[in-house]
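Trainee: Here it is, the structure in full.
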Amino acid sequence: LAALKGRDLLSSADLDGPQTLALLELARQLKSGERRIDLAGKVLGLIFSKASTRTRVSFIVAMARLGGQTIDLNPAVTQVGRGEPIADTARVLSRYCDALAIRTFAQEDLADYAHWASIPVINALTDLEHPCQALADALTIQERFGHGPTDLHGLTLAYVGDGNNMAHSLMLVGALLGMDVRVGCPDGFAPSPTVVEQARSLAGGRSSITVLQDPVATALGAHVLYTDVWASMGQEEEQAQREQAFAGWCLDEDLLAEADPRAIVLHCLPAHRGEEISAGVIEGAASRVFDQAENRLHVQQALLATLLGGVAD
Ligand code: CP
Ligand code: NVA
């Protein structure tokens, strides 16, 4: 992990398999209290152009627990919202902060920040990816299936719904950890073919990355059932049209019955009961959504400790 000091996390594919596993192991150690890391004096800037509960709060609490601090650089109260160029903002903030966590729309804007900043830049969600969430999801899967510090080879993750940022990061992290990943989406809502190819290349033939158009075929025998909203942030005006397109795609009790009997259900939240997931499933025995939300805190502590140089090995 020491080699990751100073690096950015723009995509799940910025880490390789061993680095992802090492980060998850560090998260486990921080969660259990086996390990403590001190980032006293370090400051993380948060630039969030979209709403957030989990990501925002877990980054703030993660820095507090590590002894560091966070500054909320909300675009509405900084010059970011008035159009100051990313190139200038990134260079200025690099003189004050030690890292930036950025939630925005275009992946290219995030890449622009990373290009101009001399400090680590972390993807706190873009339209293309949500790598911090996918790491927390992997930790939650490890906790359920007892794979500990080893990878998740042999397990199947089935994602049903929109082929969005979550689907992309899950395919990439799943591939890095040796999982078979099935993404099932209605016609017209498939994940980016570029990301599918990237995940297949990361899997290197060790596991499969499959895109399907049938929810039952996607869920069949899976160990992890995952879904996310039908209309992501920025797609609010498509809500009604998407509700029609996704009819029959609810992660409900019938779909859960197709999965492995030990299966867990994950959702990055916020959730819409009665749309992409039923109230019975999200509140039911298979659901791990609140452990999953908690794990955001632990993996982000591990990530911050690593990128900010708090880890010696
Ligand atoms: N899962 C997630 O990223 O939630 P927030 O949008 O609340 O940060
Ligand atoms: N796909 C969702 C995830 C929210 C955490 C969105 O981008 O809005």
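Trainee: Convex hull over the alpha-carbon atoms of the chain: what's its volume per residue in Å³?
Mentor: Hull volume normalised by residue count: 122 Å³.
Trainee: Enter the accessible area of residue 28 (Å², nearest 10), with the probe set to 1.4 Å and all protein chains included.
Mentor: Result for residue 28: roughly 90 Å² accessible.
Trainee: Okay, moving on. Taking the range 115-160, how much of its Cα-Cα pair set, in percent, is spaced more than 16 angstrom apart?
Mentor: Everything past 16 Å amounts to 55 percent.
Trainee: From the gyration tensor of the Cα coordinates in the range 122-206, what semi-axes in whole Å does the equivalent ellipsoid have, largest first, with each one equal to sqrt(5λ)?
Mentor: Largest first, the range 122-206 gives 20, 14, 12 Å.
Trainee: Taking the highest mean first, how do the peptides 133-139, 249-255 order by number of other beta carbon atoms within 10 angstrom per residue?
Mentor: 133-139, 249-255
Trainee: So, one more: If I compute solvent accessible area with a 1.4 Å probe over the protein chains, what percent of it on the chain is carbon and sulfur?
Mentor: On the way: 6380 of 12490 Å².
The nonpolar share, carbon plus sulfur, comes to 51 percent.
Trainee: Considering only 268, 97, 185, give the residue with the highest GNM mean-square fluctuation for the chain, with springs between Cα atoms whenever their separation is below 10 Å.
Mentor: Most flexible of the set in this elastic network: 97.
Trainee: Ignoring ligands, DNA and RNA, how do 201, 11, 49 rank by accessible area with a 1.4 Å probe, largest first?
Mentor: Heavy-atom accessible area, descending, gives 201, 49, 11.
Trainee: Report the per residue volume, in Å³, of the convex hull enclosing the C-alpha atoms of the range 23-151. Intermediate values should be presented prior to the final figure.
Mentor: On the way: hull volume 15.0 nm³, N = 129.
Roughly 116 Å³ of hull volume per residue.
Trainee: Could you order 42, 5, 50 by accessible surface area, starting with the largest, using a probe radius of 1.4 Å?
Mentor: So, going from the largest accessible area down, we get 5, 42, 50.
Trainee: Which order do the peptides 19-27, 56-64 take when ranked by the mean count of other beta-carbon atoms within 10 Å per residue, highest first?
Mentor: 19-27, 56-64
Trainee: At a temperature of 10 °C and a viscosity of 1.306 mPa s, determine how fast the range 129-281 diffuses translationally according to Stokes-Einstein, using the Kirkwood radius over alpha-carbon pairs as Rh; express D in µm²/s, rounded to the nearest whole number.
Mentor: 105 µm²/s
Trainee: Determine the shape class of the range 36-98: with a ≥ b ≥ c the square roots of the Cα gyration tensor eigenvalues, call it rounded for a/c under 1.5, and otherwise prolate if a/b is greater than b/c, oblate otherwise.
Mentor: Oblate, because a/c is 1.5 or more while a/b does not exceed b/c.
The values are calculated or read from the model by the stated rules, or taken from the named source; none is laboratory data. Remember, predicted model here, so these are calculated numbers, not experimental data. So basically every Cβ, Gly included, is an ideal-geometry build from the backbone, and we count neighbours across all protein chains shown. Just the protein is used for accessible areas: all its heavy atoms, side chains included, with ligands, DNA and RNA removed. Shrake-Rupley method; radii C 1.70, N 1.55, O 1.52, S 1.80 Å.
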